[in-house]
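The values are calculated or read from the model by the stated rules, or taken from the named source; none is laboratory data. This is a predicted model, so every value here is computed, not measured. Methodologically, a virtual Cβ is constructed for each residue, glycine included, from the backbone with ideal geometry; neighbour enumeration extends over all protein chains shown.
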Amino acid sequence: MAAESAKTVTTVEPDLDFIKALKKSGGDTLKKCMQCANCSVACPLAPDSKPFPRKEMIWAGWGLKDKLAANPDVWLCHQCNDCSLYCPRGAKPGDVLAAIRNMAIRENAFPKFLGNIVAEKKYLPLLFIVPAVLFFLILSVTGHLNIPAGEVVFSKLLPVMYVDTVFVPTAFLMAFFAFKGVMNFWKSLVDADAKQGTKRYLTPPLPHFVKMYILPVVSDILTHVRFKKCGSNRDRYTAHLGIFYGFVGLFIVTNVVMVGHYIFHIDTPFSMVGPVKLLANFSAIILFIGTTLVIRNRMADADDPGASGSSYSDWSLLWVIYAVTITGILSQVLRLSGIAVLAYPMYFAHLLCVFCLFIYLPYSKLAHLLYRTTAMVYAKYTGRD
Amino acid sequence: MDKKYGVYICTGCGIGDALDIERLSKLPQKEYNVEICKTHGFCCGPEGVDLIKKDIEGEGVNAIIVAGCSPRVNQDVFDFGSDKIVERVNLREQVVWCHDLAPVEAGEDAEASEAESALKEGVNLHTQFIAEDYLRMGIVKAQKSELPEPYLLETVSKKILVMGGGISGLTAAIEAANTGYEVTLVEKESSLGGYAAKLRKQIPMSNPFTDLQAPIIQEKIKAVESHPKIEIKTNTVVARIAGEPGDFTVTLKAPGETIEFDVPQLVTQTHDEEGKELTKEQTDELYNELNKGRADILTFDPNGEKFGAVILATGWKPYDASEFENLGFGKYQNVITNVMMEELAANGRITRPSDGKEAKSVVFIQNPNGDDDSDFPFASSVTSLVALKQAKYVREDSSDAKAYVIYQHMRTPGLYENFYKSMQQDDGIFLTKGKVSSITEEGDGSLAVEVDDNLLGEKIRINVDMAVLATGMVPTTKDDAIVNLAYRQGPGFRDIGQFDGYADSNFICFPYETQRTGIYAAGCVRQTLTMADCVEDATGAALKAIQCVESVNRGVAVHPRSGDLTYPDFFFQRCTQCKRCTEECPFGALDDDEKGTPKPNPARCRRCGTCMGACPERIINFADYSIDMIGSMIKAIEGPTEDDYDPVPLRVIVLVGENDAYPAIDMAGMNRLKYSPYVRFIPVRCLGSVNTVWIKDALSSGLDGILLLGCQFGDDYQCHFVKGSELCDRRMENVAETLKSLALEPERVELKQVSITDYDKIPEIINKFVEAIDEVGPNPFKGF
């Protein structure tokens, strides 16, 4: 039995607290799984070898936190919920995997305490109060704590320089934290495979790596090709596409504005019929439509076994995005209407929401942007996908 | 009995259109001198029945032959009282519904076509022949039938003996006593309750089947103790049960005592040291030596108590786990069995045997580390459920405890699925299919358990305080007779290679009925069962025991031929003491004396006729089923001769088992499946009752082949009489030898197994056999 003894043995120690935590964060059905593997058969995305979500379900049921944190598969899942629809036990693997992802975001977070704060409902007010106070301080210190007179121009309230002195360093810091999180995750993936003896030891040079593994993933994301394979929840594809391209559009607009401001010294507001403004408004509209659709879908009949259950992390992100979108649109409407007394506070609220959305990105559900992309690259890299 | 015959031919259901009824109705008078033969378009209707009743009253008809539908239907309609003989000729299902009705084409068979011209227009010649043969056989059968008289015992005891004071025994006692019967309950331990009294909690017994429940045994014990009709005898076992149902003489004794009326044991040795087969004398000597000081089975204990029926509820004992040293049992103190675990749990918090430390993590192992995935011997759904239950105990004791269940098979049938779900959903119960590949002890007495081929996708090690082996529940009848019957065939149930020591008689059809009439098994001695199932089982067995005493009281068979008044009648003057009947009786009904003369115990008998089939002297017969009757029916078949036809059409008889094959043939008819017209069916009670002389009768009267249709044998045999068709198959091997010596082809006799559901295969079986006989050619004895 040489082959037998060569098999590595993993000591497992179920973590009861972890099971409780998973159940609390949206995976309350996880113990209903009886390992029939209908889910893995139903899943349009699972690879042929060691398909998810069957194995993730037993790891979750056994409270094997480490196995799940170092698992790329939970991120390959796009939560179409075909699995939940066909689950004979109502174990809702789709929701359990979402809960596992929440846990993975928290587990890989850097610094850890931020991950914990963002994940806990009770800290929600704090998340908004801290930046709000910060902004008020800046306004009061710079003497802008008033409604500027004359035509509504937002830079009168908060000159671009002030905005950027806060936003840009924060952005860099968050980018660094996000990078640390991603690297934590990548390392845990590599380590887990090393333990199983399936690690890839040859790392290709970076350009090759980008070409072979990153670009195809970017292409997959841009086309939403994996999302499209979902059976039972096709409307989520459209909704997510709206949000995704809304953000892409606004990202382009933001960069154009930055470049315009610092290099060409062209200041906002831009012409309403100019290409930048058109793109901005178009993006805002599809973002609004996309978010509305997602919220509507999540509010739809909870008894539908194929519908996603929604946890705190789902709702908090959605409402923040919605708030960003609505305050942005209203800011513009109010500005054009010339109602300064409403327009400036609205703009303030908009900035606050945008700030929160991005500052908490590595810790909120939005972190799927980082981890799912990483997992997809890893899957390509290891030939899993 | 002076018989006055009346033949009534029904022309309904298509019979009248398909046959030349006029010619058929002349047959009784012409061939059998039976004057009364009437036809009616609707015999089973009020008018038809009146027609018969009028003849019974007016003409004194007392042997009624109804030619129409199958004897399996309208039995109540054609019941004219126990003082009449009624024979049914199956013209519908087995003639007109399954054979060609159109006339033979002239071009096809000119001779037959010409012969047909004598018949009513449009009638098929062969079909008419079948109907005529069946009518002949029906009349002959009525001629050979006698009115049965019940076998009545001088005195009948209706007292019921319940063996075993566990959940099943207690329930059976209560149920029987509540119905009004006197019950004596014997228990070998000093207190009642059995294993059911040694539990912490029970697997749920009622809806929604999700949570453990408090044991119910104390209520049962109280009910039994306070019941005026139940006598309790603890510290008591059965030394022997002699006699027959309704009149059992039972000797009770204290466990371990040696008394004169201890039951004689059988000699198991068959060969001497040199490997030579023991002679009869040597065996007898060994028997006498073995049973020195014990009264012979035919000597009844004068102080014995009388009982009518026995409920055997002696339950189970734990499987000896010492062979599982590979799993650490016997080597590590913290590896225990499920029975030991239950004891620990019943005594309070679960602690490790090694140091009394609380067991916070426990693994439940459901299968030995063998080469295959088989479970522990005698494991079952109950051991699966118990593992789940005990896992819950661990969790009840401490909220941070962990219980692992490693299984190859998790069996939670029926609504126990709810229990499985409920246990599975406990946060601290971890289930996986898997194989325990090793258990090693750590320094502090805890165990490292390695589990391979599991659902987690890699070989895992779990560290636990304790391991529990789900060893099986062995029926008490496995190695011990327990019932201690003073029967010639031995004190226990014969091992027929089907039940692994469980006291059962049929793999599916007859729960409670053992291979011994009057002994009804309930609970875990019969099959491993949960408490809820034991309660149900015991209730069933109690009803069966009541059915038994009441049937014996009326002198009728208990089962499966419930109500049958006939029983085997021995013509002892011609008995050669060959003992075949005693040995072959599937139910041990016969006890031969020293000389070997059988002593029939009709109340033990199930009326299968296996003795009749076994007897070389043909001295065993029933009132309405005899060697002579079937032989005469065979001879009544009109074999066509060369004078009439060339080539002569074949004639094949089919001896058909009544329980499976006969209904299957009826169903083939109902489905209008057609088959060869050259066969004639004769129902038999069981192929075990087929006497080889009938084969001789058939061949000597010029019939070309004999097909025997019996029940399935093998693991899922369907026989009502243990192994009748298999026994017949063995006898036919001898027949084949005899045929060869007579220069007859052994292919002329064949046995086929038919399940009741095999109706669609009937035409193929029959046609193939007829084709085979056609190839062999006609019987050379034809016309002699």
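In the list A:I117, A:I100, which residue meets the criterion of being under 24 Å from A:K20 (Cβ atoms), within 15 Å of the chain's Cα centre (by Cα) and either among the hydrophobic types (A, V, I, L, M, F, W, C) or not in a helix (DSSP H, G or I) (or both)?
Residue meeting the stated conditions: A:I100.
None of A:I243, A:I263, A:I252 is at negative phi and modelled with pLDDT under 90 except A:I263. Within the stretch B:727-784, the residues that satisfy the criterion of being touching a strand residue (DSSP E or B) at 6+ places or on another chain (Cβ under 7 Å), outside any helix (DSSP H, G or I) and not acidic (D, E) are B:V749, B:L751, B:K752, B:Q753, B:V754. What number of residues within the stretch A:15-66 satisfy the criterion of being more than 22 Å from the chain's Cα centre (by Cα), assigned to a loop (DSSP other than H, G, I, E, B) and within 12 Å of chain B (Cβ to nearest Cβ)? Residues that pass the stated criteria total 13.
Among the residues of the stretch A:79-92, are any within 14 Å of another protein chain (Cβ to nearest Cβ) and free of Cβ contacts under 8 Å to residues at least 60 places away in the same chain? Before the answer, list the steps.
Initially, the stretch A:79-92 is screened for residues within 14 Å of another protein chain (Cβ to nearest Cβ), giving A:87-92.
Those still in the list that are free of Cβ contacts under 8 Å to residues at least 60 places away in the same chain too: A:88-89.
Scanning the stretch A:79-92, I find at least one residue that is within 14 Å of another protein chain (Cβ to nearest Cβ) and free of Cβ contacts under 8 Å to residues at least 60 places away in the same chain, so the answer is yes.
Any idea how many residues of the stretch A:72-91 are buried (at least 22 other Cβ atoms within 10 Å of the Cβ) and at negative phi? Total satisfying the criteria: 13. At least 1 residues being small (G, A, S) and at negative phi is the threshold, and among the strands (runs of 3 or more DSSP E) wholly inside the stretch B:635-715 those reaching it are B:652-657, B:705-710.
Among the conditions (1) among the β-branched types (V, I, T); (2) under 25 Å from A:T254 (Cα atoms); (3) free of Cβ contacts under 8 Å to residues at least 12 places away in the same chain, A:V163 misses just one, which is (3).
Against the conditions (1) within 21 Å of A:V190 (Cα to Cα); (2) touching a residue at least 12 places away in the same chain (Cβ under 8 Å), A:A349 satisfies every one except (1).
Collect the residues in the stretch B:546-580 that are part of a helix (DSSP H, G or I), touching a Pro at 6+ places or on another chain (Cβ under 9 Å) and either of a type in the set (V, I, T) or within 23 Å of B:V722 (Cα to Cα) (or both), keeping them in residue-number order. I'd like the intermediate steps shown before the answer.
Filtering the stretch B:546-580 down to residues part of a helix (DSSP H, G or I) leaves B:546-554, B:572-574, B:580.
After this cut, where a residue has to be touching a Pro at 6+ places or on another chain (Cβ under 9 Å) as well, the list is B:548-549, B:551-552, B:554, B:572, B:580.
Hits for the stretch B:546-580 are B:C548, B:V549, B:S551, B:V552, B:R580.
Sort out which residues of the stretch B:183-235 are under 28 Å from B:S384 (Cα atoms), in contact with a Ser or Thr (Cβ under 7 Å, 6 or more places away or on another chain) and either free of Cβ contacts under 8 Å to residues at least 24 places away in the same chain or of a type in the set (V, I, T) (or both), and write them in order of number. Hits for the stretch B:183-235 are B:I203, B:T210. In the set (1) among the small types (G, A, S); (2) more than 32 Å from the chain's Cα centre (by Cα); (3) crowded, with 19+ Cβ neighbours inside 10 Å; (4) modelled with pLDDT of 95 or more, the condition left unmet by B:G45 is number (3).
Look at (1) in contact (Cβ under 8 Å) with a residue 60 or more places away in the chain; (2) closer than 23 Å to B:S70 by Cα and you find that B:I653 fails only one, number (1).
What residue, among those in the stretch B:448-462 that are more than 7 Å from chain A (Cβ to nearest Cβ) and of a type outside the set (D, E, K, R), is farthest from B:F329 (Cα to Cα)?
To start, the set of residues in the stretch B:448-462 that are more than 7 Å from chain A (Cβ to nearest Cβ) comprises B:448-449, B:451-454.
Filter again for of a type outside the set (D, E, K, R), leaving B:448-449, B:451, B:454.
On the way: B:A448: 14, B:V449: 13, B:V451: 17, B:N454: 22 Å.
Filtering first and then ranking leaves B:N454.
Only a single item in (1) assigned by TED's automatic domain parsing to the domain that holds B:A532; (2) over 27 Å from the mean Cα position of the chain (by Cα) is not met by B:T155, and it is number (1). The listed residues are A:Y162, A:Y123, and the only one of them that is hydroxyl-bearing (S, T, Y) and crowded, with 17+ Cβ neighbours inside 10 Å turns out to be A:Y162. With the structure loaded, tell me whether B:I496 is away from chain A (no Cβ under 14 Å), in a loop (DSSP other than H, G, I, E, B) and buried (at least 17 other Cβ atoms within 10 Å of the Cβ) or whether it fails that test. Criteria not met by B:I496.
I'd like the full set of residues that are surrounded by fewer than 20 Cβ atoms within 10 Å (Cβ to Cβ), within 13 Å of chain A (Cβ to nearest Cβ) and either in contact with a Pro (Cβ under 8 Å, 6 or more places away or on another chain) or not in a loop (DSSP other than H, G, I, E, B) (or both), limited to the stretch B:395-411. If you could, list the steps in order and put the result at the bottom.
Keep residues of the stretch B:395-411 that are surrounded by fewer than 20 Cβ atoms within 10 Å (Cβ to Cβ), which gives B:395-400, B:408-411.
Then keep just the ones that are within 13 Å of chain A (Cβ to nearest Cβ); that gives B:395, B:398-400, B:410.
Correct list: B:R395 only.
Residues in the stretch B:417-435 that are more than 9 Å from chain A (Cβ to nearest Cβ) and either in contact (Cβ under 8 Å) with a residue 40 or more places away in the chain or over 20 Å from B:S361 (Cα atoms) (or both): how many? Total meeting the criteria: 5. If the condition is being under 31 Å from the mean Cα position of the chain (by Cα) and of a type in the set (K, R), then the stretch B:161-212 contributes only B:K188. Among the residues of the stretch A:98-110, is any buried (at least 21 other Cβ atoms within 10 Å of the Cβ), within 14 Å of chain B (Cβ to nearest Cβ) and of a type outside the set (V, I, T)? No, there is no match, as no residue in the stretch A:98-110 is buried (at least 21 other Cβ atoms within 10 Å of the Cβ), within 14 Å of chain B (Cβ to nearest Cβ) and of a type outside the set (V, I, T).
Taking (1) touching a residue at least 12 places away in the same chain (Cβ under 8 Å); (2) β-branched (V, I, T); (3) away from chain B (no Cβ under 14 Å) in turn, A:T198 satisfies each apart from (3). None of B:G445, B:G414 is under 17 Å from B:L327 (Cβ atoms), in a loop (DSSP other than H, G, I, E, B) and away from every other protein chain (no Cβ under 11 Å) except B:G445. For the residues B:D758, B:D716, the requirement of being under 28 Å from B:C608 (Cβ atoms), acidic (D, E) and crowded, with 19+ Cβ neighbours inside 10 Å singles out B:D758.
Looking only at the stretch B:278-289, count every residue that is within 32 Å of the chain's Cα centre (by Cα) and either touching a residue at least 24 places away in the same chain (Cβ under 8 Å) or loosely packed, with under 13 Cβ neighbours inside 10 Å (or both) and tell me the total.
Going residue by residue through the stretch B:278-289, those that are within 32 Å of the chain's Cα centre (by Cα) are B:280, B:283-284, B:287.
Remaining after also requiring either touching a residue at least 24 places away in the same chain (Cβ under 8 Å) or loosely packed, with under 13 Cβ neighbours inside 10 Å (or both): B:280.
Counting residues in the stretch B:278-289 that are within 32 Å of the chain's Cα centre (by Cα) and either touching a residue at least 24 places away in the same chain (Cβ under 8 Å) or loosely packed, with under 13 Cβ neighbours inside 10 Å (or both) gives 1.
Residues in the stretch B:263-277 that are at negative phi and free of Cβ contacts under 8 Å to residues at least 60 places away in the same chain: B:V267, B:T268, B:Q269, B:T270, B:H271, B:D272, B:E273, B:E274, B:K276, B:E277.
Run down B:G138, B:G166, B:G193 and say which single residue is buried (at least 19 other Cβ atoms within 10 Å of the Cβ) and in the same structural domain as B:C69 (by TED's automatic domain parsing).
Details: B:G166 fails: in the same structural domain as B:C69 (by TED's automatic domain parsing); B:G193 fails: in the same structural domain as B:C69 (by TED's automatic domain parsing).
Every option except B:G138 fails the conditions.
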